[in-house]
Amino acid sequence: MKISRVVAAVNLFLFLGVTHTLGQSSNSAPASKAPAELKNLKITILSTMLADEGIGEWGFAALVEADGHKTLYDTGARPNTVLENARELHVDLSDVQDVILSHHHGDHTTGLMTLRRELSRTNPAALSRAHISPGIFLSRHAGAGETEQNPMIAMKKEFEATGGTFIVHDKPEEMLPGAWLTGPVPRAYPEKNWTTGFKIAKGSDWVEDNLPEDQALIFNTPRGLVLLTGCGHAGIINILQYARQIVRPVPVQAAIGGFHLFAATDEQLDWTAEKLREFQTAQILGAHCTGIETVYKLRQRLGLNRRTCVVGTVGAIYDLKDGILTGRIAR
């Protein structure tokens with residue numbers, strides 16, 4: 001009788017223990033899903049300073065083709081540059097519905113209205129969705145002057161009058177599987193990759209304009225992360241660190257676009273190169289405000305070569321399979 005009671009108690013104990021374990025298992029959070037990876041990625045520069053075909057200018061724009069989706073990133077400095085360069089390079093923009101504006105500066109936004117009006121003649125949806133980050137419409141002044149310095153304020157009404165819409169991204173968002181728009185980038189490191197002397201409205205005060213709306217595109221690929229940035233005013237290292245947080249902490253396969261390092265000191269470049277080395281950056285296509293001398297110095301400091309670290313030109317291409325192909329003048 002006593003033995004039977006002991007056996008029963010042991011069985012009850014084991015049953016309760018198993019039930020508790022099963023309960024823990026059923027309530028535990030599932031393993032996080034691995035982020036999607038792009039299989040095909042091609043980026044073509046349509047606006048930058050250096051050109052041996054097309055028109056060079058102080059500006060930036062690039063067409064992104066990712067797994068069958070096309071997006072225009074920035075629109076150049078002058079009304080017609082991107083439109084004319086696309087035609088000369090035989091790049092079709094008429095089926096591009098989405099345009100991303102990295103920040104408010106005119107050398108990245110001025111071509112928007114020309115492109116929207118011209119391309120909508122054949123496709124009403126062309127460039128009808130503009131993706132922006134909070135702060136792009138805030139008032140800006142140069143120093144103590146009262147002249148408005150933000151062209152996006154007037155452009156907002158013009159763009160919306162054509163039927164276009166602005167989509168605001170206040171946090172990272174996956175635009176399509178494997179392609180992320182950062183939204184505003186946290187400034188973990190004190191990179192000051194912007195021109196000083198401009199003020200931005202913050203409530204009733206005017207403070208230094210550090211381009212809070214600056215945003216970049218991050219692509220997740222089997223080979224690592226690929227960065228596309230217009231000026232990198234948030235700081236290329238801040239952007240890459242953030243990308244590794246929101247997507248995954250893997251090597252940087254390529255950094256493409258403007259990094260606003262043309263006036264950087266040797267000390268700043270040493271620090272930047274060291275961080276790029278930590279991120280195992282394999283390729284650099286430095287265009288626009290990166291600076292030609294800066295590209296050469298980064299190449300030397302990172303141990304890259306004339307194929308893997310080059311100056312971006314109009315028509316330069318980064319392809320996930322074939323790497324970088326830039327203009328003859330920059331090879």
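Assorted remarks:
- Any hit, the range 158-169, residues being closer than 25 Å to LYS42 by Cβ, touching a residue at least 24 places away in the same chain (Cβ under 8 Å) and either in contact with a Phe, Trp or Tyr (Cβ under 9 Å, 6 or more places away or on another chain) or hydroxyl-bearing (Ser, Thr, Tyr) (or both): no
- Residues of the range 92-109 that are over 18 Å from LEU217 (Cβ atoms) and either part of a loop (DSSP other than H, G, I, E, B) or among the aromatic types (Phe, Trp, Tyr) (or both): ASP92, SER94, ASP95.
- Meeting the requirement of 1 or more residues that are of a type in the set (D, E, K, R) and surrounded by 14 or more Cβ atoms within 10 Å (Cβ to Cβ), the strands (runs of 3 or more DSSP E) wholly within the range 110-217 are 129-132, 140-142, 173-176, 198-202.
- The single condition from (1) under 24 Å from ALA61 (Cα atoms); (2) modelled with pLDDT of 95 or more that LEU269 fails is (1).
- Where strands (runs of 3 or more DSSP E) fall entirely within the range 285-327, those with at least 1 residues that are of a type in the set (Val, Ile, Thr) and free of Cβ contacts under 8 Å to residues at least 40 places away in the same chain are at 309-311.
- Restricting the range 118-156 to residues that are at pLDDT below 95 and touching a Gly at 6+ places or on another chain (Cβ under 8 Å), the residue that is nearest to GLY106 (Cα to Cα): ALA142
- Residue satisfying all of: in the range 79-91; outside any loop (DSSP other than H, G, I, E, B) and hydrophobic (A, V, I, L, M, F, W, C); nearest to CYS289 (Cα to Cα) among these: VAL82
- Count of the range 38-78 residues which are of a type outside the set (A, V, I, L, M), part of a loop (DSSP other than H, G, I, E, B) and crowded, with 16+ Cβ neighbours inside 10 Å: 10
- Residue count for the range 202-245, restricted to those that are closer than 12 Å to ALA179 by Cα and at pLDDT below 95: 0
- Per the conditions (1) out of contact with any helix residue (DSSP H, G or I) (no Cβ under 8 Å at 6 or more places or on another chain); (2) more than 23 Å from GLN253 (Cβ to Cβ); (3) in contact (Cβ under 8 Å) with a residue 12 or more places away in the chain, the sole criterion not satisfied by ARG87 is (3).
- Residue check, GLY178 touching a Lys or Arg at 6+ places or on another chain (Cβ under 6 Å), of a type outside the set (Ser, Thr, Tyr) and under 23 Å from ALA234 (Cα atoms): no
The values are calculated or read from the model by the stated rules, or taken from the named source; none is laboratory data. It should be emphasised that the depicted structure is a prediction, and the values quoted were computed from it without experimental measurement. Neighbour counts run over all protein chains shown; Cβ positions are idealised from the backbone, glycine included.
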